[in-house]
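The values are calculated or read from the model by the stated rules, or taken from the named source; none is laboratory data. Just so it is clear, the structure is predicted and the values come from calculations on it, not from any experiment. All Cβ positions, even for glycine, are placed from backbone atoms using ideal geometry, and neighbour counts span all protein chains on display. The accessibility values were calculated without ligands, DNA or RNA, using every heavy atom of the protein model including side chains. Shrake-Rupley method; radii C 1.70, N 1.55, O 1.52, S 1.80 Å.
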Amino acid sequence: MTTIRDNDIEQEAMKRSFYHLIVNGEKIKSSTGETIKTYNPATGELVAEVAKASKEDVEKAIASARDAFDNGKWKMYPVGRRAQVLNKIAAIMRSRFNELVELEILDTGKTFHAAQGQVSQAIEDFEFYAGAIVGHRGVVNNVPGQFHNYTEKEPVGVCAQIIPWNYPLMMAAWKVAPAIAVGCSVIVKPASLTPLTAIILGEICLEAGVPAGVVNILPGSGSDIGNFLVEHPQVDKVAFTGSTPIGKDIMGKASQSLKRVTLELGGKSPNLVFEDADIDAAVDGSLFGIFYNSGQSCEARSRLYVHEDIYDEFLNKFVEKTKKLQLGNPFDKGTHVGAIIDQVQLDTIDSYVQSARKEGAEILVGGNISKPNGYENGFWYEPTIIANVNHDMTVVKEEIFGPVVVLMKFKNEKEAIRLANDTEFGLGSAIWSKDGARATRVANQIQAGIVMVNCPFSAFPGTPFGGYKQSGFGRELCIETLDLYTETKSILSYYGSRPLNPFGL
Ligand code: NAP
Ligand code: MG
């Protein structure tokens with residue numbers, strides 16, 4: 001079996017043991033000297049030490065971001081020049097592709113295929129926004145004669161961007177690219193568990209010509225500096241991806257200064273397989289839909305509903321293929337499912353499965369902590385299928401964020417839609433059917449921000465990504481994201497030859 005290490009010459013990622021904060025265009029240590037240690041979840045081994053930002057460091061970063069925004073040149077650049085810098089960021093990322101992939105694998109324990117796809121997409125995100133920004137502009141509105149009205153899209157200001165651990169580089173790209181494209185300054189707070197690739201991205205931004213203060217990267221504790229950023233009066237916007245409870249907390253705190261807020265939160269996405277589906281395609285897509293990224297995806301299709309007429313056939317094939325999924329060396333190209341991010345998440349997943357057992361569900365496959373050969377010190381969970389469940393069970397209602405899917409039957413389209421929508425979340429959803437009219441009808445009625453029709457993938461640069469209901473609000477990865485990093489200013493002028501005297505005095 002080939003592994004990336006067989007043909008990877010650089011292994012730069014392996015050589016570096018310390019990562020700095022990026023503040024005001026400089027790589028600095030924390031003011032307190034504190035560090036975060038980051039581990040490889042596949043092996044439990046230490047990967048690197050990272051400067052841990054203090055509140056003092058955050059103050060410094062906010063001041064520099066503020067100065068870059070209020071007095072700096074970045075937002076004044078011609079848009080084509082900003083686009084050029086974004087393209088340069090993408091080009092440098094591409095030239096360091098293997099290093100970024102390797103680092104992402106080491107920091108998260110995800111598979112080579114997953115890391116490769118996500119690093120590619122992060123690069124494409126910068127290219128996408130380099131193009132999109134050129135067409136992002138205000139409009140001229142119809143107003144009564146002798147008046148003229150146009151709008152301008154102005155960058156919102158200093159943005160705090162809080163990132164989760166499941167897609168460290170891609171989530172950073174989703175946030176940094178549109179924000180700097182429109183001329184904002186950003187302070188990125190990566191997840192404490194996975195800070196490495198965001199730091200590299202910050203270094204690349206500087207190398208590409210982003211002026212000092214526009215992109216600051218500050219790993220540090222969410223409850224400490226994350227909170228501090230959200231409450232800080234000099235921060236204009238918070239963009240957060242993470243869990244629903246923290247999202248609610250952030251929204252409450254940000255309301256004190258009426259910051260702009262966008263939230264990408266959790267999910268419990270339904271996956272509907274109709275009796276007229278291409279069953280093999282549905283099996284493969286459903287497998288990917290839940291086990292990709294070890295199920296640690298906000299849009300993981302974790303509730304699988306299959307029409308009763310094809311339930312047995314689907315189930316047999318789905319179970320058989322689930323048993324074939326390989327766990328183990330994430331660098332091995334034959335590995336399908338990577339590690340779980342840490343012990344806490346592993347325990348959470350296992351306790352959900354235990355709760356299902358207690359509530360009378362049936363574990364068809366998996367259901368245990370796994371110890372792949374040679375990876376006994378890492379965090380692993382068997383791909384798990386749970387049947388004999390109902391909508392009162394915790395395992396059906398709550399997000400597990402692991403390789404665990406619940407499987408249910410439905411009788412008809414109406415019931416499928418009702419079950420799909422019976423959740424407090426509304427992020428992803430999937431429909432498998434060869435009947436185009438049905439797929440369109442069902443897609444129309446599903447309460448979710450994303451509907452995948454006969455498609456295992458949820459998004460590409462350009463497709464909106466975000467949720468309904470308690471999955472949050474705001475859309476990333478698309479053109480309208482640019483609106484979420486800008487204010488619309490309306491400029492109304494009068495051009496009549498006679499002065500107006502509205503009071504008639
Ligand atoms: P999390 O605990 O909510 O953490 C996310 C980020 O928020 C981390 O950087 C974290 O910092 C920071 N944070 C924690 N407490 C904070 C606070 N009080 N104020 C400000 N920031 C704070 O979530 P996670 O465990 O990293 O990620 C898993 C969850 O994220 C899942 O529930 C998943 O559904 C959701 N998610 C959603 C999407 C989406 O697009 N909708 C994408 C990915 C993940 P520390 O690392 O220092 O704790
Ligand atoms: Mg790590």
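Here are the numbers for the structure shown:
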quantity	calculated
Qualifying residue in region 377-384 (condition: of a type in the set (D, E, K, R), open to solvent by 60 Å² or more (accessible area, probe 1.4 Å) and assigned by TED's automatic domain parsing to the domain that holds GLY289)	no
Residue list for region 100-143, restricted to those being of a type in the set (Gly, Ala, Ser), more than 20 Å from GLY374 (Cβ to Cβ) and not in a helix (DSSP H, G or I)	GLY138
Hey, ASN412 closer than 30 Å to TYR311 by Cβ and surrounded by fewer than 16 Cβ atoms within 10 Å (Cβ to Cβ) or not	yes
Some residue of region 464-483 being open to solvent by 30 Å² or more (accessible area, probe 1.4 Å), part of a loop (DSSP other than H, G, I, E, B), among the hydrophobic types (A, V, I, L, M, F, W, C) and not assigned by TED's automatic domain parsing to the domain that holds PHE318	no
Selection within region 329-368 - assigned to a loop (DSSP other than H, G, I, E, B) and within 26 Å of SER192 (Cβ to Cβ)	ASN329, PRO330, PHE331, THR335, GLY338, ALA339, ILE340, ILE341, ASP342
Checking ALA459 against (1) surrounded by 20 or more Cβ atoms within 10 Å (Cβ to Cβ); (2) within 11 Å of ligand 1 (Cβ to nearest atom); (3) of a type outside the set (Asp, Glu), the condition it does not meet	(1)
Candidates ILE446, ILE491, ILE450, filtered to the one that is in contact with a strand residue (DSSP E or B) (Cβ under 9 Å, 6 or more places away or on another chain) and within 16 Å of ligand 1 (Cβ to nearest atom)	ILE450
Residue list for region 169-224, restricted to those being near ligand 1 (Cβ under 8 Å from one of its atoms), buried (at least 24 other Cβ atoms within 10 Å of the Cβ) and part of a helix (DSSP H, G or I)	MET171
Looking only at region 424-438, and only at residues there that are touching a residue at least 24 places away in the same chain (Cβ under 8 Å) and over 18 Å from LEU263 (Cα atoms), the one that is most open to solvent (accessible area, probe 1.4 Å)	LYS434
Flag for VAL451 being surrounded by 15 or more Cβ atoms within 10 Å (Cβ to Cβ), of a type in the set (Val, Ile, Thr) and in contact (Cβ under 8 Å) with a residue 24 or more places away in the chain	no
Subset of region 146-162 [closer than 30 Å to ILE340 by Cβ and open to solvent by less than 10 Å² (accessible area, probe 1.4 Å)]	ALA160, GLN161
Unmet requirement for ARG94, which otherwise passes all of (1) part of a helix (DSSP H, G or I); (2) of a type in the set (Lys, Arg); (3) surrounded by 24 or more Cβ atoms within 10 Å (Cβ to Cβ)	(3)
Where ASP280 falls short, out of the listed (1) surrounded by fewer than 18 Cβ atoms within 10 Å (Cβ to Cβ); (2) within 16 Å of ligand 1 (Cβ to nearest atom); (3) free of Cβ contacts under 8 Å to residues at least 40 places away in the same chain	(2)
Residue in region 241-256 that is within 16 Å of ligand 2 (Cβ to nearest atom) and in a helix (DSSP H, G or I) present	no
Selection from region 401-429 of residues that are within 22 Å of the chain's Cα centre (by Cα) and either of a type in the set (Phe, Trp, Tyr) or under 19 Å from GLY472 (Cα atoms) (or both)	PHE401, THR423, GLU424, PHE425, GLY426, LEU427, GLY428, SER429
Matching residues, region 451-491, being in contact with a Pro (Cβ under 6 Å, 6 or more places away or on another chain) and farther than 20 Å from VAL158 by Cα	CYS478
Boolean, LEU346 is out of contact with any Leu (no Cβ under 7 Å at 6 or more places or on another chain), farther than 25 Å from MET408 by Cβ, in the same structural domain as ASP278 (by TED's automatic domain parsing) and open to solvent by less than 20 Å² (accessible area, probe 1.4 Å)	yes
Residue within region 53-64 that is in a strand (DSSP E or B) and open to solvent by 10 Å² or more (accessible area, probe 1.4 Å) present	no
Region 243-278, subset hydroxyl-bearing (Ser, Thr, Tyr) and out of contact with any Lys or Arg (no Cβ under 7 Å at 6 or more places or on another chain), residue nearest to ALA420 (Cα to Cα)	THR244
In region 311-343, residue nearest to the chain's Cα centre (by Cα) [restricted to those that are free of Cβ contacts under 8 Å to residues at least 40 places away in the same chain and open to solvent by 70 Å² or more (accessible area, probe 1.4 Å)]	GLN343
